[in-house]
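All remarks here apply to the structure that follows.
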Amino acid sequence: MKQNKKLLQFVIHLMAWGLFFSLPFVSFWRNSNDDMALKVLHHGITLVSLLSIFYLNSSFLIERFLYRRQIWKFVAYNAIIIIVVGYIVHLLKMNIPELHINNRMPPPPKDDFNPLAILFFKDIFPLIITMGLSLAIKVTAKWYALDWQSKEADKKHTEAELQNLGQQLN
């Protein structure tokens with residue numbers, strides 16, 4: 001039973017990430033004139049960073065710090081990891097040539113945007129959302145497990161009381 005649950009969970013994760021990874025490529029087929037390798041590289045960097053933040057949180061940081069009530073360590077490690085990964089992703093993307101689909105719009109002038117705002121909204125904010133998603137999924141799963149255990153304990157307690165009452169009647 002537990003093996004089937006783990007297999008089902010693996011299949012769900014595989015399908016969800018497969019869908020998530022394929023979404024950017026669906027829009028690429030409409031604009032086949034652009035260099036596909038650059039698009040795959042550009043989006044692949046982002047998707048791999050999101051995947052790593054999700055699983056680092058759900059398999060290590062939440063279990064190690066949050067469930068042990070070390071909330072400040074959990075927040076600090078997440079902040080450090082997200083800032084470092086976001087900055088690395090930003091640097092990698094800056095070295096990839098600009099992607100202008102069908103050259104519909106000219107590139108924006110570099111002076112109009114604050115580089116820190118671009119770093120935050122394009123590279124760090126999605127990592128924060130991914131961390132929150134992994135936290136929500138993991139905490140909800142733990143909450144359901146604890147709720148199920150509580151109901152099982154109540155059921156066993158009620159059965160023991162009924163058995164005790166039955167013995168008293170005899």
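The values are calculated or read from the model by the stated rules, or taken from the named source; none is laboratory data. Computed from a predicted structure; not experimentally measured. Backbone-built Cβ (ideal geometry, glycine too); neighbour counts: all protein chains shown. Each accessible area value is taken on the protein alone, full model and side chains, heavy atoms only, with ligands, DNA and RNA left out. Shrake-Rupley method; radii C 1.70, N 1.55, O 1.52, S 1.80 Å.
Just by accessible area at a 1.4 angstrom probe, what is the order of 85, 48, 11 from largest to smallest?
On the way: 85 35, 48 85, 11 55 Å².
From most exposed to least exposed: 48, 11, 85.
If R0 is 25 Å, what FRET efficiency do you get for residue 17 and residue 71 from their C-beta distance, rounded to 0.05? Write out the running numbers ahead of the final one.
Details: r = 28 Å, r/R0 = 1.12.
Rounded to the nearest 0.05, the efficiency is 0.35.
Please work out how much length the chain gains when fully extended from residue 10 to residue 63, using 0.36 nm per residue of separation minus the C-alpha to C-alpha distance, in nm with one decimal. It would help to have the intermediate numbers written out before the result.
Numbers: separation 53, 0.36 × 53 = 19.08 nm, distance 1.86 nm.
Working it through step by step, the gained length comes to 17.2 nm.
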With a 1.4 Å probe and all protein chains kept in place, how much accessible area does residue 43 have, in Å² rounded to the nearest 10? 60
